[in-house]
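One structure is given here, and the rest of the page talks about it.
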């Protein structure tokens with residue numbers, strides 16, 4: 001079986017307990033495509049802004065909201081990862097502050113199924 005560019009079973013055994021590795025290797029996201037509305041599915045790789053946020057996370061994070069930096073995406077993936085790999089029970093959720101955000105949240109849950 002070809003594993004070029006994919007996570008191998010050996011990778012999983014060695015790195016599954018590392019949240020940074022999981023965030024950079026296990027999750028797929030849909031990126032916006034200039035050519036079409038459908039988008040492209042790619043492996044999530046944190047950019048500089050996301051890596052900085054992840055390295056400085058604590059219980060009270062303030063994020064100055066710059067558009068299109070992917071901060072909402074990294075937080076959603078972090079919640080998902082925490083819910084999947086936490087040692088005990090944990091609950092995660094998203095609050096939609098307007099109708100447009102509600103539509104985005106619904107598309108996340110539909111895509112995740």
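Neighbour counting of Cβ atoms within 10 Å sorts the residues 72, 8, fewest neighbours leading, into 8, 72. Rounded to two decimals, the Cα radius of gyration of the stretch 29-93 over 2.2 N^0.38 Å is 1.29. Ordered by the count of other Cβ atoms within 10 Å of each Cβ, fewest first, 14, 48 give 48, 14.
No value in this document is a laboratory result; all are computed from the given coordinates. Because the structure is predicted, anything quoted here is derived from the model rather than measured. Every residue, glycine among them, receives a Cβ derived from its backbone with ideal geometry; neighbour counts consider all protein chains shown.
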